[in-house]
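The values are calculated or read from the model by the stated rules, or taken from the named source; none is laboratory data. This is a predicted model, so every value here is computed, not measured. When we count neighbours, we look across all protein chains shown, and the Cβ atoms used for this are built from the backbone with ideal geometry, even at glycine.
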Amino acid sequence: MTLLPNTAFTHTALPGRVVFGRGTARTALAAELDALQARRILLIAGPAEAALARELCAPFADRIAATFTEVRPHVPLEAAERARQAAAGADAVLSIGGGSTTGTAKAVALTTGLPIAAVPTTYAGSEVTPVWGLTQDGRKTTGTDPRVLPRTVVYDPDLTLTLPVPLSAASGLNAMAHCVEAFWAPHRSPVSSAVAAEGIRALAAGLPAVATDPTDLAARTDLLLGAYLAGTAFAAAGSGLHHKICHVLGGAFDLPHAETHAIVLPHVLAFNAPAAPDALARISIAYGRPDPAAGLHDLGLRLGLPTGLRELGLREDDLDTVLDGILAVVPSDNPRPVTAAGLRTLLHAAWAGAHPHGEETTS
């Protein structure tokens, strides 16, 4: 797409330091914490990353004032409150893990203002966004605040080599959703679209390769770079229909975050595509297929992911209970008007695991 000379837009470039490369979690992390003047650190890591976190923090173990491992998806308010209590006396937060771990660190920063250093082990992208989310009584609330944006992010592809293929695939498609949505989210701009397109290219290259060989370091690097670009695009462009659907479903039914995004993405893309031909053209070029909605659905099948929300335990009659909640938060400038009937059709297709163009799919 060529930008005309009179093109006008607003783009917010977010501050933050990124250190990217093999081995950086072991060679650069201490120096990055020094730059933050972190002397009493709250370490946040989920149970699966606890051993890794202890290993990475061994060179500066005397600076770890407290460790919080009660990480839960969608950051329930009660977990956030316990993490905030653990932060008493800390001067910085170190997050080592996936999106839920980063989200817990953000919950701490939201009320304490403590700086965050993040070391991602998945492709969540949350580490480069100022978006926070908390869940209470089955409702997930999100917002943006500059205090929750990590000051430093250390991306080390080595840390993703042991991420199982199903989790890698789901997390990578979650990152793909950030990129796709950036083309029609409320604060989109030519800058965020360019970043999103590069993210799609990197993710489309890395996902099939990692499925074939989970130890393919080049593919792991592509995915991690794609996740960084995806998060950056999402942070600038904002949250659209896809994320509104997934946040409401995830908060209401405690669905797994990445898998929910992976399932819903092709259906939202197919829904919006006819009303957003320019965005579709750029997504198609970046993804390398003329029909990216079908391509993403088929990729999920090849990667062995669930194709329908019903496979995550969601009942069909649950869908109508969240319809009004989703409609209430849909951006007014979504490319295609979202009616109750249209949203119901989209949700039922995603629940059933149907092909985004109507063909029933079985996994």
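Going residue by residue through region 318-334, is there one that turns out to be without any contact (Cβ under 8 Å) to a residue 24 or more places away in the chain and among the charged types (D, E, K, R)?
yes
Is region 335-342 home to any residue that is on the phi > 0 side of the Ramachandran plot and free of Cβ contacts under 8 Å to residues at least 60 places away in the same chain?
Within region 335-342 (the criterion being on the phi > 0 side of the Ramachandran plot and free of Cβ contacts under 8 Å to residues at least 60 places away in the same chain), the answer is no, since none of the residues qualifies.
Among the listed residues Ala196, Ala237, Ala227, which satisfies the condition of being small (Gly, Ala, Ser), in the same structural domain as Asp298 (by TED's automatic domain parsing) and farther than 22 Å from Leu299 by Cβ?
Checking each option against the conditions leaves just Ala237.
Is it the case, given these coordinates, that Arg39 is under 30 Å from Leu161 (Cβ atoms), outside any helix (DSSP H, G or I) and of a type in the set (Lys, Arg)?
Criteria not met by Arg39.
What number of residues in region 120-175 are among the acidic types (Asp, Glu) and under 12 Å from the mean Cα position of the chain (by Cα)?
Residues in region 120-175 being among the acidic types (Asp, Glu) and under 12 Å from the mean Cα position of the chain (by Cα): 1 in total.
Would you confirm whether or not region 64-75 contains a residue that is in contact with a His (Cβ under 6 Å, 6 or more places away or on another chain) and under 20 Å from Thr141 (Cβ atoms)?
For region 64-75, residues in contact with a His (Cβ under 6 Å, 6 or more places away or on another chain) and under 20 Å from Thr141 (Cβ atoms): present.
Among the residues of region 331-361 satisfying the criterion of being at pLDDT 95 or above and among the β-branched types (Val, Ile, Thr), which is surrounded by the most Cβ atoms within 10 Å (Cβ to Cβ)?
If we take residues in region 331-361 being at pLDDT 95 or above and among the β-branched types (Val, Ile, Thr), then Val338 is surrounded by the most Cβ atoms within 10 Å (Cβ to Cβ).
Filter region 298-317 for residues that are in contact (Cβ under 8 Å) with a residue 40 or more places away in the chain, in a helix (DSSP H, G or I) and closer than 16 Å to Leu207 by Cβ and give the result.
Matches in region 298-317: Leu299, Gly300, Leu301, Arg302.
Look at region 137-189 and say how many of its residues are modelled with pLDDT under 95, assigned by TED's automatic domain parsing to the domain that holds Ser100 and surrounded by 24 or more Cβ atoms within 10 Å (Cβ to Cβ).
Residues that pass the stated criteria total 0.
Tell me, yes or no, whether region 70-81 has at least one residue that is under 25 Å from the mean Cα position of the chain (by Cα) and under 30 Å from Leu217 (Cβ atoms).
yes
As an exercise: evaluate Thr215 against (1) modelled with pLDDT of 95 or more; (2) assigned to a loop (DSSP other than H, G, I, E, B); (3) crowded, with 19+ Cβ neighbours inside 10 Å and give the number of the one condition it does not meet.
(3)
Each row is one residue, and each column tells you yes or no for (1) within 17 Å of His257 (Cα to Cα); (2) touching a Gly at 6+ places or on another chain (Cβ under 6 Å).
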position	(1), (2)
Gly46	yes, yes
Arg54	no, no
Ala61	no, no
Ile64	no, no
Glu81	no, no
Ala88	no, no
Leu94	no, no
Gly98	yes, no
Thr101	yes, yes
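Take Ala194 and decide whether it is free of Cβ contacts under 8 Å to residues at least 24 places away in the same chain and out of contact with any Asp or Glu (no Cβ under 6 Å at 6 or more places or on another chain).
It is true that Ala194 is free of Cβ contacts under 8 Å to residues at least 24 places away in the same chain and out of contact with any Asp or Glu (no Cβ under 6 Å at 6 or more places or on another chain).
Considering each of Ala281, Ala233, Ala276 in turn, give the residue that is crowded, with 22+ Cβ neighbours inside 10 Å and of a type in the set (A, V, I, L, M).
Ala233
Of all the helices (runs of 4 or more DSSP H) wholly in region 228-296, which have at least 2 residues that are under 25 Å from Lys140 (Cβ atoms) and either touching a Lys or Arg at 6+ places or on another chain (Cβ under 6 Å) or of a type in the set (Phe, Trp, Tyr) (or both)?
241-253, 257-272
Of Ala30, Ala58, Ala45, Ala124, which residue is modelled with pLDDT of 95 or more, buried (at least 20 other Cβ atoms within 10 Å of the Cβ) and either touching a Phe, Trp or Tyr at 6+ places or on another chain (Cβ under 8 Å) or not assigned by TED's automatic domain parsing to the domain that holds Leu229 (or both)?
Criteria check complete, one pass: Ala45.
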